[in-house]
Amino acid sequence: GYPALIDATDNVSLVLLDTAESAAEATRGGVLCLMRRELRDAIARYEKGGSGFAGAALQLKTLVGTDVLLAGGAQPPWVVSPWARTRLPAVTEGAFRLLQAIAIDVLALNQRLGALPKAQARIAAEVRAQRDALVHPGFFSATPWSQLEHLPRYLRGLDRRLAKYAERPDRDARHAEEVEQLWRQYVERAERNRRDGRREPGLEGYRWLLEELRVSLFAQELKTPFPVSFKRLAKAWADLPR
């Protein structure tokens, strides 16, 4: 078995789990429990939101209820150092700034979606589904911090796709079909892992490669942090354990 530190309601317990992945995921909750105990007073100041939270919550309320917008809290570091208490205000301020940026881009995307003609119902449905896969109840704690900072760019990429759709609808449809096939195989495997209680870091990496591929295909002007292509996605999929 693999040792895991689990949240046991304002306390923690040490247990053995079947896989290293499940132990790491469970320990995340245990560490968060310890942080809440150690930094109780400091964390209490931010539980109802910080600067800019009210405006962001209002812009996101059609997708994420205010009461669950911060559910789960931020992803904790694995070591609670003596500096955690002093760093908390700066980290929290940065998180709320990022939440504001995401909310602004969601609002702009929703406005463009609302203005689309009925003839573009197909692409509107696709973009709404992709938006909801990025921004959903619990997204702010479930999304890795390294990817959370890219969410505004992914949302702007969806907006740019809609803005350019009329120029080359045939090109958009061709790329959309190819990406949809990759997305479906990811969703099927992720759902199977969820049923089996299994976690694959490589599969999550593949999921974010898909978002970069969308930017590369539909909103090239926003750029990607590294080269991405169908070939790279195929290799990442082939590298997953069988």
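Miscellaneous remarks
- Scan the stretch 170-188 for residues that are touching a residue at least 40 places away in the same chain (Cβ under 8 Å) and over 18 Å from PHE230 (Cα atoms) and the total you get is 0.
- Of all residues assigned to the stretch 219-235, at least one qualifies as being among the hydroxyl-bearing types (Ser, Thr, Tyr) and without any contact (Cβ under 8 Å) to a residue 60 or more places away in the chain.
- Residue list for the stretch 88-139, restricted to those being out of contact with any Gly (no Cβ under 6 Å at 6 or more places or on another chain) and β-branched (Val, Ile, Thr): VAL91, ILE102, ILE104, VAL106, ILE123, VAL127, VAL135
- Here the helices (runs of 4 or more DSSP H) wholly within the stretch 148-242 that include at least 2 residues being open to solvent by 70 Å² or more (accessible area, probe 1.4 Å), at pLDDT below 95 and among the basic types (Lys, Arg) are 169-196.
The values are calculated or read from the model by the stated rules, or taken from the named source; none is laboratory data. Note that the structure is a prediction, hence the values are computed from the model and not measured. Every residue, glycine among them, receives a Cβ derived from its backbone with ideal geometry; neighbour counts consider all protein chains shown. With ligands, DNA and RNA removed, areas are computed over all heavy atoms of the protein, side chains included. Shrake-Rupley method; radii C 1.70, N 1.55, O 1.52, S 1.80 Å.
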